[in-house]
1. If you check GLY109 against the conditions, is it in contact with a strand residue (DSSP E or B) (Cβ under 8 Å, 6 or more places away or on another chain), closer than 29 Å to VAL192 by Cβ and within 16 Å of the ligand (Cβ to nearest atom)?
2. Report whether or not LYS99 is in a helix (DSSP H, G or I) and surrounded by fewer than 15 Cβ atoms within 10 Å (Cβ to Cβ).
3. So, VAL57, is that one surrounded by fewer than 16 Cβ atoms within 10 Å (Cβ to Cβ), touching a residue at least 60 places away in the same chain (Cβ under 8 Å) and under 25 Å from the mean Cα position of the chain (by Cα) or not?
4. Please enumerate the residues belonging to the stretch 28-70 that are outside any loop (DSSP other than H, G, I, E, B), within 16 Å of the ligand (Cβ to nearest atom) and not polar (S, T, N, Q).
5. Of these, VAL325, VAL329, VAL337, which one is in a helix (DSSP H, G or I), more than 13 Å from the ligand (Cβ to nearest atom) and not acidic (Asp, Glu)?
6. Please go through the stretch 219-265 and pick out each residue that is in a helix (DSSP H, G or I) and crowded, with 21+ Cβ neighbours inside 10 Å.
7. For GLU306, indicate whether it is on the phi < 0 side of the Ramachandran plot, acidic (Asp, Glu) and crowded, with 22+ Cβ neighbours inside 10 Å.
8. Please specify each residue of the stretch 60-87 satisfying the condition of being charged (D, E, K, R) and either surrounded by 16 or more Cβ atoms within 10 Å (Cβ to Cβ) or in contact (Cβ under 8 Å) with a residue 24 or more places away in the chain (or both).
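The values are calculated or read from the model by the stated rules, or taken from the named source; none is laboratory data. Here the structure is a predicted model, which means the values were calculated and not measured. A quick note on method: Cβ atoms are made from the backbone with ideal geometry, for glycine too, and the neighbour counts reach across all protein chains shown.
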Amino acid sequence: MQQLKGRDFIVTQEWDMDELRAVLDLARAMKADRFSSSWTRLLEFRTFLMFFYNPSVRTRQSFEAAATELGGHAQFLEPKAMRLKTAKTAGETVEDAAKVMSRYAVGLGIRILEDKVPYYGAGDELLREYAKWATIPVINMADDKFHPCQGMADIMGWEEWLGDLKGKNFLLTWGQGALARSWCSVQEALLVASRFGMNVTLAYPEGYDLDPEVIRWTEGNCKANGAEFKITHDPEEGYHGAHIVYSRNWVSPDAYKDGVFDKQGEIEKARKYTGWTTTAERMALTDNAIFTHPMPVDRGSEVTDEVASGPRSAIYDIAENRLHVQKAVMALTMSDVDNEYLLDLARQTLEGKAE
Ligand code: CP
C-alpha cells in the first residue's frame with residue numbers, strides 16, 4: 001500500500017481496497033482501545049479545519065471528538081462568516097483561501113450540498129477545487145455526490161454485525177419522507193456495498209434515478225466481485241433474502257431548477273408515493289436482516305419506530321463508527337507517523353484484544 005499521508009478523501013471509489021481495508025483495521029483498533037497512548041498524540045498540537053455550509057450533528061461532533069482524541073483540535077468555520085468570492089459577491093478566491101489554510105492546519109474538511117449549491121455536482125466540484133490548491137488533505141464531510149466517511153462507518157458496522165460481507169444481500173430502498181435528502185449517503189452506500197462484494201438491490205419509485213456514473217461504478221464493482229446488481233421499482237421485492245436493509249429518502253433528478261434547490265417541490269412530489277416505509281412485516285421477509293441508516297432518521301416515514309429501535313437496528317453502532325473511521329483517516333492522511341507503523345500497532349492491539 002502507498003503511504004496515505006497527504007491524500008484527499010472525496011469518495012471511497014478513488015481509494016484502493018487495501019487502503020480502505022487499512023482505514024477499517026486502524027478504526028477497529030482505535031475502537032478496541034480508544035484512549036491508548038498509541039493514538040492520543042498522533043495529531044498533538046495540530047489543527048483540523050472544518051467548513052460547514054450546511055447543518056450537521058454527527059459529522060461536526062464526531063470530527064471534533066476525533067481531533068481531540070488524537071491530541072489535536074478541530075476548528076469550526078461557517079463560510080458565511082468569511083469573505084469568500086461567490087458568483088454574486090466579491091471576495092477571496094478558493095486558491096488563496098486553500099493556500100493560506102494549508103499554512104495553519106494539517107487537514108481541511110468541507111460539507112456542501114442541497115440548497116448551498118446551484119446544481120447537482122457543484123459541491124463536489126468545489127471540494128476538488130480546494131483539493132487542487134491545498135497542500136493539506138481535503139476530507140469530504142458530505143458533498144452533493146458523496147459521503148465517504150459515512151460509507152466507511154457503514155461498512156465497519158455491517159462487518160461488526162455480519163462478519164464477511166462477500167455474497168451477502170444488500171437492499172437500498174427509497175423511503176417516504178419530507179426532508180428532501182441529498183444523494184451523497186445512498187450513493188456512497190452503493191459504492192461500498194458493491195466494493196466489498198455484496199449483491200446489491202436498489203429499489204425506488206420511477207422518477208428517482210440516482211447519478212448514472214455511480215450506477216455504472218456500482219455495476220462494475222459488482223461484476224468485478226462476481227456479485228449481482230439489480231434495480232427494481234417494486235417496494236417489497238428486494239426484502240426477500242436481504243441481509244442488510246437501508247431505507248432512506250432522496251430527491252429526484254429534477255431537484256435543481258434555474259440554479260435553485262426546489263426543496264418544497266421535492267417534498268410535495270415525494271408525498272405522492274406511499275408504501276415505501278420499512279416495517280417489521282417487511283423485515284420479516286428478509287434473512288434476519290439488520291436495519292441500517294446514516295441518520296438523522298425520519299421515523300414513521302422512512303422506517304417505523306419498531307424497526308429503527310429494534311434488536312436488529314445497527315444505527316447507533318454506525319453513528320459511533322463515524323468517530324473511529326474518521327480518526328483512522330485523519331491519522332493515516334495527516335499524522336507524521338508512518339502508515340505501516342500505525343497498521344502494525346493496530347494489528348498488535350487487535351491481537352492483544354483477541355487473546
Ligand atoms: N450522517 C450524517 O452525516 O449526519 P449529520 O448530517 O448529522 O452530520
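1. So GLY109 fits the description; yes.
2. yes
3. For VAL57, the condition - surrounded by fewer than 16 Cβ atoms within 10 Å (Cβ to Cβ), touching a residue at least 60 places away in the same chain (Cβ under 8 Å) and under 25 Å from the mean Cα position of the chain (by Cα) - is met.
4. Result: PHE48, MET50, PHE51, PHE52, ARG58, ARG60, PHE63, GLU64, ALA65, ALA66, ALA67.
5. After ruling out the rest, the residue left standing is VAL329.
6. ASN221, CYS222, GLY238, TYR239
7. no
8. ARG60, GLU64, GLU69, GLU78
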